[in-house]
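A.B. asks: Got a structure for you, questions after.
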Amino acid sequence: MMAALTAAEDKSNQVVLLERQQRVGRKLLATGNGRCNLTNLNASPAHYHGEQPDFVRCALRQLPPTETLALFRSFGLLTVTEDSGRVYPLSDSASSVLDVLRFQLARRGVELRCASPVREIRREKDGFAICTDEGRLSADRLIVACGGAAGKKLGGVTDGYVLLAPLGHTRTKLYPSLVQLVTDPDYPRALKGVRADAALRLLRGRDCLAETRGEVQFTERGVSGPASFEISRAASTGGEGLSLVLDFLPDYTDTQLRALLIDRRDTLPELDAAELLTGLVHNRLGKMLLRYGGLKGKDTVGLLGDRELARAASVCKDFRLPVRGTEGFDSAQVTAGGLRTADFDPETMQSRLVPGLYVCGELLDVDGDCGGYNLQWAWVSGRLAGRLLP
Ligand SMILES: Cc1cc2nc3c(=O)[nH]c(=O)nc-3n(C[C@H](O)[C@H](O)[C@H](O)COP(=O)(O)OP(=O)(O)OC[C@H]3O[C@@H](n4cnc5c(N)ncnc54)[C@H](O)[C@@H]3O)c2cc1C
């Protein structure tokens with residue numbers, strides 16, 4: 001949509017937007033839990049991944065998030081920015097973002113053809129032949145913005161990679177990202193629905209592949225929540241033998257926590273031993289941590305020895321779950337991997353292999369962190385592609 005409305009700014013262009021689904025922007029409506037986190041003021045190459053993470057640099061320099069906001073404001077959208085830099089529509093509704101884009105498409109005379117999946121793209125002498133179920137379209141220039149495989153239920157498909165393969169474009173391996181972690185299920189299942197703030201580390205042996213801090217939520221099959229999403233890329237691409245280490249009291253050192261539990265034994269000796277961690281962490285989580293640490297059987301807190309308290313402190317800060325992988329593309333928010341960026345000009349998004357062909361958005365091998373970075377990439381790459389620069 002951004003590429004099409006940009007291309008239509010030049011009135012000499014006749015722009016047709018072909019959409020596979022019954023309507024445009026289905027995925028957009030689901031973003032940010034229906035609120036649409038449309039950009040992030042901290043967007044910089046450090047928040048993007050792929051074979052060439054620097055590929056985004058030109059685009060972000062030309063169209064930083066402040067420009068994205070100015071552009072959306074000119075479309076009529078008011079936004080609010082949270083302290084984290086995440087930006088949402090003031091209406092708190094993703095449909096506002098889609099509405100202003102649709103309005104711009106109509107205003108600029110873009111012809112919209114929904115329920116019109118592109119089946120094949122062929123190169124012709126002076127451009128491209130685009131085959132749909134309704135027939136064949138000729139175009140002298142073509143922008144492909146089919147998105148990635150993530151969010152299957154919202155229309156995530158692999159069409160773009162398939163359509164462009166005959167034109168010589170190859171892709172990297174694809175992985176689901178910004179997705180729930182699948183772990184050994186026993187403990188998570190018992191904690192299903194419990195939320196907690198934690199520091200997370202993803203380990204392979206002793207190597208730390210990723211770490212973050214934030215909210216996690218336990219599920220039937222593992223760990224969800226914003227913090228787990230942030231390390232999901234590393235879990236998805238990290239291979240076998242991974243484990244997740246959760247520290248549920250990251251603001252306390254081991255020593256401080258031990259001292260706190262000793263104090264608790266002195267002040268609350270008659271407390272049931274199963275309640276040792278109650279008031280420190282979520283009640284169900286506290287009981288489960290004690291079970292995980294093998295601490296049961298004693299009647300009251302007063303009967304717990306120093307070694308047992310030290311063990312309780314250590315499980316709060318070092319709760320380990322073997323990681324089996326992540327959920328798949330069905331539930332992922334973004335595709336890690338995509339069309340090789342080395343085959344595209346980062347200033348224009350034009351193919352280096354096929355003149356007149358432009359590609360933008362998630363279809364390329366660019367994926368961003370959680371927090372509005374992926375839509376920012378969709379907007380800026382779409383805007384560059386829509387300029388149709390030689
Ligand atoms: C649940 C969920 C929540 C998310 N939340 C956020 C968020 O808050 N912030 C953020 O930055 N990112 C978020 N994302 C990621 C973000 O939505 C995507 O990265 C972004 O939409 C990618 O834009 P795109 O235009 O490249 O692809 P898409 O938005 O996927 O659009 C591609 C379009 O191409 C169409 N298409 C595909 N194949 C064909 C074909 N053969 N012929 C015709 N049309 C075709 C599709 O139907 C689709 O409408 C979220 C993703 C999901 C799934």
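A.B. asks: Normalising by the residue count of the chain, find the relative contact order in percent from Cα pairs under 8 Å and 6+ residues apart.
C.D. replies: Details: 821 pairs, mean separation 93.0, N = 390.
Once divided by the residue count of the chain, the mean separation gives 24 percent.
A.B. asks: While we're here: Rank L309, L154, L164 by mean-square fluctuation in a GNM of the chain with C-alpha springs under 10 angstrom and give only the top-ranked residue.
C.D. replies: L309
A.B. asks: What is the P(r) of the stretch 154-263, as percent of Cα-Cα pairs per 5 Å bin from 0?
C.D. replies: Here the calculated profile for the stretch 154-263 is 2, 11, 16, 18, 15, 12, 10, 7, 4, 2, 1, 1, 1, 0.
A.B. asks: Using the eigenvalues of the Cα gyration tensor, what equivalent ellipsoid semi-axes result for the stretch 28-95 when each is taken as the square root of five times the eigenvalue, whole Å, largest first?
C.D. replies: Value: 22, 14, 11 Å, ordered largest first.
A.B. asks: Right, another one. Determine how many Å³ per residue the convex hull of the Cα atoms of the stretch 258-367 encloses.
C.D. replies: Numbers: hull volume 18.7 nm³, N = 110.
Given the Cα convex hull of the stretch 258-367, per-residue volume reads 170 Å³.
A.B. asks: When the distances between all Cα atoms of the stretch 122-170 are binned every 5 Å from zero, what whole-number percent does each bin get?
C.D. replies: Spelled out per bin, shortest first, that is 5, 18, 23, 26, 17, 8, 3, 1.
A.B. asks: Run lengths n ≥ 4 of DSSP H only: what is the helix-derived mean residue ellipticity at 222 nm for the chain, with -39500 (n - 2.57) per run over all residues, to the nearest 500?
C.D. replies: Per the formula, -8000 deg cm²/dmol.
A.B. asks: For the stretch 194-346, what is the convex hull volume of its Cα atoms per residue in Å³?
C.D. replies: With only Cα atoms used, the stretch 194-346 gives 133 Å³ per residue.
A.B. asks: When you count, for each residue, the other Cβ atoms within 10 Å and take the mean per peptide, how do 73-83, 298-308 rank with the highest first? The partial results should precede the final answer.
C.D. replies: Working: 73-83: 12.8, 298-308: 14.7.
Output ranking for 73-83, 298-308: 298-308, 73-83.
A.B. asks: Let me ask something else about it. Percent relative contact order of the stretch 197-257, based on C-alpha pairs within less than 8 angstrom and at least six residues apart? Please report the intermediate quantities before stating the final value.
C.D. replies: Working: 88 pairs, mean separation 24.8, N = 61.
About 41 percent, as a whole number.
A.B. asks: Sticking with this structure for a sec: May I ask for the angle, rounded to the nearest 10°, between helix 94-107 and the longest principal axis of the chain, with both axes built from Cα atoms and the value confined to 0 to 90°?
C.D. replies: Compared with the principal axis, the helix lies near 10 degrees.
A.B. asks: To continue, here is another question. Binning at 10 Å from 0, report for the chain what percent of all alpha-carbon pair distances ends up in each bin.
C.D. replies: 5, 21, 27, 20, 13, 8, 5, 2, 0
A.B. asks: To continue, here is another question. With unit charges on the beta carbon (Lys/Arg positive, Asp/Glu negative), name the residue among G328, V216, L261 whose Cα is farthest towards the positive pole of the charge dipole of the chain.
C.D. replies: With unit charges placed on the Cβ atoms, the residue in question is G328.
A.B. asks: Then there is this: On a 0 to 90° scale, report how tilted helix 283-292 is relative to the longest principal axis of the chain, with both axes built from alpha carbons and the result rounded to the nearest 10.
C.D. replies: 70
A.B. asks: How large is the accessible surface of M1 in square angstrom, using a 1.4 angstrom probe and rounding to the nearest 10?
C.D. replies: Approximately 60 Å² of M1 is accessible to the 1.4 Å probe.
A.B. asks: On a 0 to 90 degree scale, rounded to 10, what angle separates helix 65-74 from the longest Cα axis of the chain?
C.D. replies: It works out to around 60 degrees.
A.B. asks: Take the Cα gyration tensor of the stretch 241-306, multiply each eigenvalue by 5, square-root it, and list the three semi-axes largest first, rounded to whole angstrom.
C.D. replies: So the three semi-axes of the stretch 241-306 are 21, 15, 11 Å.
A.B. asks: Something else: What order do E111, E270 take when sorted by accessible area (1.4 Å probe), most exposed first?
C.D. replies: On the way: E111 70, E270 130 Å².
Heavy-atom accessible area, descending, gives E270, E111.
A.B. asks: With only Lys, Arg, Asp and Glu charged, each at its Cβ (+1 for the first two, -1 for the last two), find how big the charge dipole of the chain is about the Cα centre; round to the nearest 20 debye.
C.D. replies: The dipole magnitude comes to about 700 debye.
A.B. asks: Also: Stretched out fully, how many nm does the piece from R204 to L260 gain, at 0.36 nm a residue minus the Cα gap?
C.D. replies: That works out to 17.0 nm of additional length.
A.B. asks: A further question on this structure: Using the charge dipole of the chain (Lys, Arg: +1 at Cβ; Asp, Glu: -1 at Cβ; taken about the Cα centre), state which of L105, Y252, V15 has its Cα farthest towards the positive end.
C.D. replies: Highest projection toward the positive end goes to V15.
A.B. asks: OK, next. Among K11, K27, K287, whose mean-square fluctuation peaks in a Gaussian network model of the chain (Cα, cutoff 10 Å)?
C.D. replies: Answer for the Gaussian network model of the chain: K11.
A.B. asks: How much of the DSSP bridge set in the chain is antiparallel, in percent, rounded to the nearest 5?
C.D. replies: For the chain, the DSSP antiparallel bridge percentage is about 85.
A.B. asks: A follow-up question, please. Residue by residue through the stretch 332-343, which ³J(HN,Hα) values in whole Hz follow from phi under the Karplus form 6.51 cos²θ - 1.76 cosθ + 1.60 (θ = phi - 60°), with glycine and proline marked x?
C.D. replies: Those phi angles translate into 6, 8, 8, 9, 8, x, x, 5, 4, 6, 4, 8 Hz.
The values are calculated or read from the model by the stated rules, or taken from the named source; none is laboratory data. Just so we're clear, the structure is a prediction, and the values are computed from it rather than from any experiment. Note: ideal-geometry Cβ built from the backbone for every residue, glycine included; neighbour counts use all protein chains shown. We work out accessible area using only protein heavy atoms, side chains counted, and drop any ligands, DNA or RNA first. Shrake-Rupley method; radii C 1.70, N 1.55, O 1.52, S 1.80 Å.
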